[in-house]
Structures are given as structure tokens and as C-alpha cells.
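What follows is a single structure, written as C-alpha cells, with notes after it.
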Ligand SMILES: Nc1ncnc2c1ncn2[C@@H]1O[C@H](COP(=O)(O)OP(=O)(O)O)[C@@H](O)[C@H]1O
Ligand SMILES: [Mg+2]
């Protein structure tokens, strides 16, 4: 619908979690960067009144090699504004709003996939459950094709008790999850501060981060296929 000829239907990926600081903005930016690196036509959409995506781009001098748009102020027109972008891009990655109020529901309804980043702790796992509940409601009532996946972010070590018990909790509920773990790395915060992504950074840490971002991006794509 509305797509240019020879282009697959635009896939909308919403990154959300009502828990603040869980890594929504970092994940949305990394995912858009990963998709861009894989040659996909992608736009990153800022829907958060905190405006973190806009500030990320403004921290640099145009080094980020994919576009963004600011819909943080959009209210009732949010869904229609996002719809305008379909057809032009293969992927729309949305940095969602933290709250479950009002129009985050509209964003969930229009998405193909929702990614929920969370820090590996039981508190963060429990705080995320209502967001999964909302997604499952939408799956039941409106959009049975909607998918979701959890992403462990800011992981201090794969063998840490917190990481393992969080993975166990996810498996217990049979929630889909990216098998790639995003480590806690200063480079993610540094890249943000410099207005770049890890792909524009140099050095071993940047290479390691880029590898895990590509792994995460492949995991995300596999949810859509
Ligand atoms: N994997 C990570 N390693 C290190 N710092 C991270 C990582 N992910 C996020 N951060 C930092 O944690 C803070 C919160 O992340 P952010 O993506 O802004 O979360 P949210 O958008 O959910 O509020 C930011 O300072 C960000 O730079
Ligand atoms: Mg944010």
C-alpha cells in the first residue's frame, strides 16, 4: 500500500519499554545503524519528548549516514505522520515513548515488530512485563501478525548470575529474545556524545561493539522473516 514499485512493504520496528534508562534510544540508534550497514534504506524516528535521537544527531556534524525525523511533538497525528514515511524506506525504526499511556498503543498497533531492550535484572524484567502485556493484547485483538523480541542490553558478562537468571526468566515465559547480548560498553555512550554510531568509531572496542550490533540486527531481521 503506497509502496514504490519493486520495493518490499516498509517494516515498522518500534523500540519501547516503559522502564526509563533501559536502552531504548541506544538500541533504536544501533539498530538503524546496523540496518544501514547491511545496505537497507532506513530512517530513525524520534517519538520521545526527551528528544534523545535528535540530540544524538545534533551532537555531531552529520557523520551518521542515515536520516532521522523528529515526531516527538506529534500527538493524534503521530500514526499518520509515520504512515507518510512508508513506501520511501524499507525500515522505520522508532525510538518510542517510555509510557504506556495513550498513543504508544497506536504505535504498537501499527508496528510489525516491537523490540524491548532491558537490563539484565529481575527488577527490569518485572518492570517490562506490562509492556509485553500490552503487546500481547494487541496481538490478540488487533494485529495477530505483530511480533516482539526482548534484547538484553548493558550486560556485564554472559556468565553473571544476573544475566543468567534474567535469561531463565525470559525462557520461563517463553518470550522471544535476541540471542545476541549487548554488553555494557562505554563506547555506546561515547558514540552518542560525539554524534556518531559505533560504526564510525575506531579501535578494538568499536569493532567489538559493531560486531554485536550487527549480530543484534540480524536477530531483529530474523523476527521479521
Ligand atoms: N550497552 C550499553 N553500554 C553502556 N551504556 C549504555 C548502553 N546502553 C545504554 N547505555 C547508556 O545508558 C543510558 C540510558 O540509555 P538510553 O538508551 O538513553 O535509555 P532510554 O532511551 O531507555 O532511556 C545512556 O546514558 C546510554 O548511553
Ligand atoms: Mg531514550
Looking at (1) surrounded by 14 or more Cβ atoms within 10 Å (Cβ to Cβ); (2) under 22 Å from residue 218 (Cα atoms); (3) modelled with pLDDT of 95 or more, which is the one condition that is false for residue 22?
-> (3)
Which one of 113, 107, 118, 152 is modelled with pLDDT of 95 or more and within 19 Å of residue 9 (Cβ to Cβ)?
-> 113
Checked pairs for the range 35-52, first closer than 15 Å to residue 64 by Cβ, second within 11 Å of ligand 1 (Cβ to nearest atom) and part of a strand (DSSP E or B), C-beta under 8 Å and 6 or more apart or across chains, list as 44/95; 45/95; 46/95; 52/46; 52/95
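Take residues that are within 14 Å of ligand 1 (Cβ to nearest atom) and tell me which of the strands (runs of 3 or more DSSP E) falling wholly in the range 30-98 contain 3 or more.
Once the strands (runs of 3 or more DSSP E) in the range 30-98 are filtered for at least 3 residues that are within 14 Å of ligand 1 (Cβ to nearest atom), what remains is 42-46, 91-95.
The values are calculated or read from the model by the stated rules, or taken from the named source; none is laboratory data. Note that the structure is predicted; figures quoted are calculated from it, not measured. Methodologically, a virtual Cβ is constructed for each residue, glycine included, from the backbone with ideal geometry; neighbour enumeration extends over all protein chains shown.
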